[in-house]
Amino acid sequence: MIKVDQISKTFKDVTAVNKVSLEIKKGEIVCLIGPSGSGKSTVLRCIHGLETPEKGSIYVNNELLDAKNSNKYRALRNKMGFVFQHFNLFPHKTVLENLTLAPMQAFGVSEEEATKTGCQYLERVGLLDKKDEYPSTLSGGQKQRVAIARSLCLHPEVMLFDEPTSALDPEMVMEVLEVMKELAKQGMTMIVVTHEMGFAREVASRVLFLENGKVIEDRDSKEFFEQPKSERSKNFLSKVMYY
Amino acid sequence: MNIIQEILSRDNLLFMIRGAGMSLALAIGALTIGIILGTMGASAKISKSPILRFLGSLYVEVFRGTPMLLQILFFFLGVPVMYQSITGNALRANPYIVGLIALSFNSGAYTTELIRSGVMGVDKGQWEAGETLGLNYSQTMRFIILPQAFKRVIPPIISEFITLIKDSSLISSIGAAELLYTAQVLGARYFNFLVPLITASIMYLVLTLTVSYFGRRLERRLAISD
């Protein structure tokens with residue numbers, strides 16, 4: 001479904017991603033974990049084209065993601081949904097308008113149809129009663145659930161999550177993870193950058209451990225958490241799995 | 001005492017009120033055209049094309065960097081000369097239209113910067129959200145960025161409006177009968193400038209204070225849906 005081949009990305013003088021390769025099959029749930037600044041978010045942003053790697057290539061359904069071929073680029077990007085750490089809801093639009101704006105304006109869906117789909121997904125994330133509220137009245141967890149629903153309205157084949165719970169108060173984390181778990185159960189292909197080790201362990205099929213812009217381990221998640229191979233991932237896990 | 005009553009006769013007051021009406025009309029017209037020019041200017045300054053960016057900056061710098069009075073005189077006295085040397089026909093400039101054009105272009109330059117900074121002030125995440133939802137540049141601009149930018153820009157636009165009400169007085173220099181002009185006419189007629197100028201000041205204050213009062217109310221209303 002998604003193939004990343006030897007991508008590198010440098011910001012000013014800092015190499016954020018250094019020759020990273022990975023492959024994600026349909027239906028897989030892959031968590032990218034690792035310390036801050038390890039390049040996991042940058043990898044995810046490159047996959048969606050929010051950043052352009054200087055080297056290497058990215059394939060979506062075996063087709064090259066290439067900004068120069070703008071029609072195909074657009075079509076391939078539209079297969080991917082993206083959820084941001086800071087939600088990025090549109091503050092001047094109601095919850096429902098947040099969901100219907102893109103389908104109506106970018107994809108020519110009728111208002112009736114977009115509203116129907118929007119309500120359906122709001123129901124799924126448990127926020128149908130908030131459809132006429134403005135985002136500023138919602139809690140962080142509710143905002144992120146709206147952002148997930150907004151992304152789903154475009155029927156993506158794969159969902160990319162960039163630290164979806166990192167900006168939330170601790171008591172809000174659960175409700176967002178539950179929505180993601182539900183999505184995983186329904187067979188959605190997902191790539192998740194996260195610090196939620198419990199989620200990675202329980203939901204992910206595979207875990208990629210990154211450090212200093214490189215993939216250090218790429219393994220089945222159960223195996224990874226039971227027996228991390230490298231010293232670095234052992235060290236990392238011992239620090240974050242504190243209980 | 002007599003002279004004051006004489007100057008502030010009903011007819012003279014009506015004359016000044018009509019002048020104030022003209023000042024207000026010029027300010028509203030210039031603000032409207034200025035917002036259109038400012039939106040175009042800001043789009044040019046933000047665009048990817050270096051030529052457009054250059055033209056946008058040139059416009060802003062020229063109109064912000066030269067005196068407003070000079071710009072008014074240029075449009076009133078300079079442009080007709082240019083017109084005649086190109087077409088061969090004489091052009092008699094109407095001071096109201098020229099005044100409106102000069103005020104609009106000047107205001108447009110300031111509004112360009114207001115709108116530009118309003119657009120730049122919208123969080124980068126909003127662009128990225130639009131991008132990941134399949135909206136293209138102009139759709140993101142139109143549906144997501146500009147509505148938020150305009151909201152930020154409303155308070156400075158209101159103070160721009162107040163500035164325009166005051167600056168429209170410069171048009172008196174080319175003989176447009178706005179508020180300050182009427183005060184000068186009365187002053188000359190009665191050999192007393194004190195009373196007409198104080199009256200004009202009061203009328204300007206009524207206009208500007210009313211605008212800023214409603215501006216504050218509008219701001220509060222907008223803050224609610226934020």
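If a residue must be within 18 Å of A:GLU163 (Cβ to Cβ) and either open to solvent by 20 Å² or more (accessible area, probe 1.4 Å) or β-branched (Val, Ile, Thr) (or both), how many such residues does region A:25-43 contain?
9
Condition check ((1) of a type outside the set (A, V, I, L, M, F, W, C); (2) surrounded by 12 or more Cβ atoms within 10 Å (Cβ to Cβ); (3) closer than 21 Å to B:ILE33 by Cβ; (4) away from chain A (no Cβ under 14 Å)) across all residues:
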site	(1), (2), (3), (4)
B:ILE174	no, yes, yes, yes
B:GLU178	yes, yes, yes, yes
B:GLN184	yes, yes, no, yes
B:PRO196	yes, yes, no, yes
B:THR199	yes, yes, no, yes
B:TYR204	yes, yes, no, yes
B:THR208	yes, yes, yes, yes
B:TYR213	yes, no, no, yes
B:ARG220	yes, no, no, yes
Here are some residues: B:ILE165, B:ILE86, B:ILE72. Which one is away from chain A (no Cβ under 14 Å) and open to solvent by 70 Å² or more (accessible area, probe 1.4 Å)?
B:ILE86
List the number of the failed condition for A:ASN61; all other conditions in (1) within 14 Å of chain B (Cβ to nearest Cβ); (2) in contact (Cβ under 8 Å) with a residue 60 or more places away in the chain; (3) open to solvent by 50 Å² or more (accessible area, probe 1.4 Å); (4) not basic (Lys, Arg) hold.
(1)
Where residues in region A:79-97 are more than 25 Å from B:LYS151 (Cβ to Cβ) and out of contact with any His (no Cβ under 6 Å at 6 or more places or on another chain), which of them is most open to solvent (accessible area, probe 1.4 Å)?
A:LYS79
Can you find even one residue in region A:20-40 that is part of a helix (DSSP H, G or I) and within 17 Å of the chain's Cα centre (by Cα)?
yes
Can you find even one residue in region A:44-57 that is within 12 Å of chain B (Cβ to nearest Cβ), touching a Pro at 6+ places or on another chain (Cβ under 9 Å) and either closer than 30 Å to A:LEU138 by Cβ or open to solvent by less than 30 Å² (accessible area, probe 1.4 Å) (or both)?
no
Can you list the strands (runs of 3 or more DSSP E) lying wholly within region A:138-243 that have 1 or more residues being closer than 27 Å to A:ALA75 by Cβ?
A:158-162, A:189-193, A:206-211
Residues to consider are A:GLU217, A:GLU196, A:GLU231; find the one that is under 30 Å from A:ASP13 (Cβ atoms), charged (D, E, K, R) and modelled with pLDDT of 90 or more.
A:GLU217
Looking for whichever is assigned to a helix (DSSP H, G or I), more than 30 Å from A:PRO103 (Cα to Cα), touching a helix residue (DSSP H, G or I) at 6+ places or on another chain (Cβ under 6 Å) and hydroxyl-bearing (Ser, Thr, Tyr) here; the options are B:TYR181, B:TYR213. Which one fits?
B:TYR181
Between a residue in region A:135-151 that is in contact (Cβ under 8 Å) with a residue 40 or more places away in the chain and any residue that is polar (S, T, N, Q), which pairs come within a Cβ distance under 6 Å, given they are 6 or more apart or on different chains?
A:ARG150/A:ASN98
Scanning region B:111-133 residue by residue, those buried (at least 21 other Cβ atoms within 10 Å of the Cβ) and more than 17 Å from B:GLY41 (Cα to Cα) turn out to be B:ALA129, B:GLY130, B:THR132, B:LEU133
Taking the options A:THR15, A:THR100, name whichever one is surrounded by 15 or more Cβ atoms within 10 Å (Cβ to Cβ), more than 10 Å from chain B (Cβ to nearest Cβ) and farther than 26 Å from A:SER166 by Cβ.
A:THR100
Consider A:ALA106 carefully, then state whether it is within 14 Å of another protein chain (Cβ to nearest Cβ), open to solvent by 10 Å² or more (accessible area, probe 1.4 Å) and closer than 22 Å to A:CYS31 by Cα.
no
Across region A:122-177, which residue is surrounded by the fewest Cβ atoms within 10 Å (Cβ to Cβ) among those that are within 13 Å of another protein chain (Cβ to nearest Cβ) and small (Gly, Ala, Ser)?
A:SER136
With (1) outside any helix (DSSP H, G or I); (2) under 22 Å from the mean Cα position of the chain (by Cα) as the list, and B:ASN192 as the residue in question, which single condition is left unmet?
(2)
Select from region A:70-90 the residues that are more than 13 Å from B:GLY130 (Cα to Cα) and facing chain B (nearest Cβ under 7 Å) and list them in ascending order.
A:HIS86
Mind counting the residues in region A:64-78 that are crowded, with 17+ Cβ neighbours inside 10 Å and charged (D, E, K, R)?
1
Checking the structure you have, find out if any residue of region A:192-199 is among the hydroxyl-bearing types (Ser, Thr, Tyr) and within 14 Å of chain B (Cβ to nearest Cβ).
no
From the list B:ALA30, B:ALA44, B:ALA93, B:ALA20, which one is in contact (Cβ under 8 Å) with a residue 12 or more places away in the chain and either of a type in the set (D, E, K, R) or not in a helix (DSSP H, G or I) (or both)?
B:ALA93
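The values are calculated or read from the model by the stated rules, or taken from the named source; none is laboratory data. These figures come from a predicted structure and were not determined experimentally. All Cβ positions, even for glycine, are placed from backbone atoms using ideal geometry, and neighbour counts span all protein chains on display. Just the protein is used for accessible areas: all its heavy atoms, side chains included, with ligands, DNA and RNA removed. Shrake-Rupley method; radii C 1.70, N 1.55, O 1.52, S 1.80 Å.
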